[in-house]
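Down below is the structure, laid out as structure tokens.
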2 protein chains.
Amino acid sequence: MLKIRMLISGLALAGSVSVACAWEALPTKAPAPADNPTTAEKVALGQMLYNDPRLSSTGTVACASCHNTMLGGEDNRPNSMGVNGQTGGRSAPTVWNAAFNKVQFWDGRAASLEDQAAGPVTNPIEMGMKSWDDVVVRLKSIKGYQEAFEAAFGAGTISKENATKAIAAYERTLITPNSPYDQYVNGDKSALSAQQVRGMEKVAELGCVHCHSGPALNGDGGFQKFPINSNGGLEAKYHFQKDKGLAEVTKKPADEHFFKIPTLRNIALTAPYFHNGSVATLDDAIKVMALTQLGKELSAEEVKDISAFLNALTGEFPKQAMPALPPTPGLTFNK
Amino acid sequence: MLKIRMLISGLALAGSVSVACAWEALPTKAPAPADNPTTAEKVALGQMLYNDPRLSSTGTVACASCHNTMLGGEDNRPNSMGVNGQTGGRSAPTVWNAAFNKVQFWDGRAASLEDQAAGPVTNPIEMGMKSWDDVVVRLKSIKGYQEAFEAAFGAGTISKENATKAIAAYERTLITPNSPYDQYVNGDKSALSAQQVRGMEKVAELGCVHCHSGPALNGDGGFQKFPINSNGGLEAKYHFQKDKGLAEVTKKPADEHFFKIPTLRNIALTAPYFHNGSVATLDDAIKVMALTQLGKELSAEEVKDISAFLNALTGEFPKQAMPALPPTPGLTFNK
């Protein structure tokens, strides 16, 4: 755990200062790593790859299938559905503002958007490709991708590394600024209702912001244990502890039930909730968090106030053009 | 069969005159039926519905999943994949220029885009909704759809009829004019290569245009028998006759193996070919058609010329904005 935490802290981006309990507006641009500066050509290529179902074995599942940018950046399902109707145990996290996550995946096993983008493509229950070599063979067979990679990276540069760089560059454009909360933080005190302000104060008072801090309200360190407190009733209903989080990857007892702290941005749009999508409504998610993480039972009014505040975290979604995916005239590789 | 043919002829649209062997450019607008005039509000609503996976039981399959407008209007698969990874026996026809089809579905069982749009939503292996009543309940629960239906049809108008009208209105905007072929027909003799002109002349000479006539190269009457001629070798390889076409619906022997004449527009982008998607390449599709429909075996050069011509039927795809789908804040109905 320590090693991963240090790695994450080593990735901390210049200009991103998170102080617990300080309310901060969302930046309108996401910082890019030194080895993958954002360019228009990479973003255009990345948007095509992100939306292309031919990156899956069946030709039916794109990144966008489960992380739908026409919706809240995910699929509103408890568990996503990959190739051939398969489902896993986790709920798709939103891609909106994922650029501001300290770590990626629910268990935080990827340190960057680039690392994350490589995973689902070859996951047998997600996009089901046998290998990235197979993906690269496909992409190389498509003239439009030859051209788009050339524009983004130079001639003859189709590779796993560049494909994931392009997808990450595109994802860094998926930012939703100027929510009512941001307007309020930026000085427009009329942007939040009295109820939303009460919810905001309650969130600070209860200690939610201990983890959900910073402009993306997803903390500074990346990880937190969930659930901290549990009880038989909650567990029987939601089965939170079935998934060991980071320990599923590291196999270390100290990492058991540690998960990425998810952003609260656009949280109203991403039901159902938690790593396993077991909680159907935002109101129930608020109650569960207060109980498991803070040991507090909230009144119905407190839940309503916090819910109203969380609804104020829905930002403005950038208008996107629908990409035209490069064709393979006269043939197909989806046999 | 006769009755259906008369029905179709009764639907012939004013101003659409098809004469076999006359080369005609594609209109830039599709005529709308009198009871569903195209409006911007209907198109906007229709685009949302068309792209919304919440019109399927699992929340994973939209119209656009199988009829992908980022590609050639379909999924490049032999058979599409519906909810829970299910597949059927037919290949998704392209939605591009479907507005110019005389009948819809491979078996032509729907007389209009409106009728067609109702089908897949409640087909158990496609979008899997139990009923349109269930769809309407979902749509009514989404505030953004209440507003979009109100803008398109008036207050309190969410219904199967209006949903399919909106989808059809959107589909009437999916037209791909100004292909090299259209430029040529409109007088720019440099728009086609010498090989493409040879292919065009061969298509006329062989008689392909007996069925593939008119601006969309999909005939006047809607239906044709396929295959007309077959042989053991072809059938063993492609299994064309397993599907009885229109007779699967009407149960009449006279309708056996009658299918909608598909448009040749953008045919290069819609591999694999035929009602069952059994032919992987355009070149093989050309050979098969000459053998089965015209009893002719083509030379390799003839196939190349015709393929070059068919590639000239790829039109200009209108730029589309990616719609923002209306959310259901704080909850989801995909349990």
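Just so it is clear, none of the values below were taken in a lab; they were calculated from the coordinates. Note that the structure is predicted; figures quoted are calculated from it, not measured. In this analysis, Cβ positions are derived from the backbone assuming ideal geometry, glycine residues included, and neighbour counts consider all displayed protein chains.
General remarks:
- Of the chymotrypsin sites (Phe, Trp or Tyr not before Pro) in the range A:132-176, not one is in a loop by DSSP (not H, G, I, E or B) with at most 14 other beta carbons within 10 Å.
- Checking every one of the trypsin sites (Lys or Arg not before Pro) in the range B:175-207 against DSSP loop status and a limit of 13 other Cβ atoms within 10 Å picks out B:Lys189.
- Cut-off under 5 Å, modelled amide H: who pairs with A:Ser179 long-range: A:Glu316
- Amide H partners (placed H, <5 Å) of A:Phe223, local residues excluded: A:Ile261
- Cα-Cα over 26 Å, subset of A:Lys237/B:Lys143; B:Lys102/B:Lys252; A:Lys42/A:Lys102; A:Lys29/B:Lys42; B:Lys42/B:Lys102; B:Lys260/B:Lys296: A:Lys237/B:Lys143; A:Lys29/B:Lys42
- Cβ-vector label at 7 Å, B:Thr87, separations to other copies in nm: 2.3
- Gyration tensor verdict on the range B:147-267 (Cα atoms; rounded if a/c is under 1.5, prolate if a/b is larger than b/c, oblate otherwise): oblate
- Relative contact order computed over chain A (Cα-Cα under 8 Å; 6+ residues apart), in percent: 24
- Table column - 3J(HN,Hα) (Hz), the range A:176-181, Karplus curve with 6.51, -1.76, 1.60, x for Gly and Pro: 10, x, 6, 5, x, 4
- Entry for the protein assembly as shown at q = 0.06, 0.09 Å⁻¹: log10 I(q)/I(0) = -0.37, -0.80, Debye formula applied to identical alpha-carbon scatterers, no solvent contribution.
- A label point on B:Glu201, set 7 Å along the Cα-to-Cβ line, lies at 8.6 nm from each of its counterparts in the other copies, closest listed first.
- Projected label distance in nm at A:Lys242 and B:Glu301, using a 7 Å step from Cα toward the beta-carbon: 6.7
- Only Cα sites of chain A enter the Debye sum here, all with the same form factor; the resulting log10 I(q)/I(0) across q = 0.10, 0.14 1/Å is -0.60, -1.14, listed in q order.
- The 3J(HN,Hα) values that the Karplus relation (6.51, -1.76, 1.60; θ = phi - 60°) gives for the range B:225-238 are, in residue order, 6, 8, x, 6, 9, 9, 8, x, x, 4, 5, 4, 7, 10 Hz. Gly and Pro appear as x.
- Lys, Arg +1 and Asp, Glu -1 on Cβ, resulting dipole of the protein assembly as shown about Cα centre, debye, nearest 20: 760
- Trypsin sites (Lys or Arg not before Pro) restricted to DSSP loop in the range B:240-304 with at most 16 other C-beta within 10 Å: B:Lys251, B:Lys296
- Projected label distance in nm at B:Ser141 and A:Lys140, using a 7 Å step from Cα toward the beta-carbon: 4.8
- Couplings 3J(HN,Hα) for the range A:162-173, derived from phi with the Karplus relation 6.51 cos²θ - 1.76 cosθ + 1.60 (θ = phi - 60°), are 6, 4, 6, 4, 5, 4, 5, 4, 4, 4, 5, 8 Hz, where x marks Gly and Pro.
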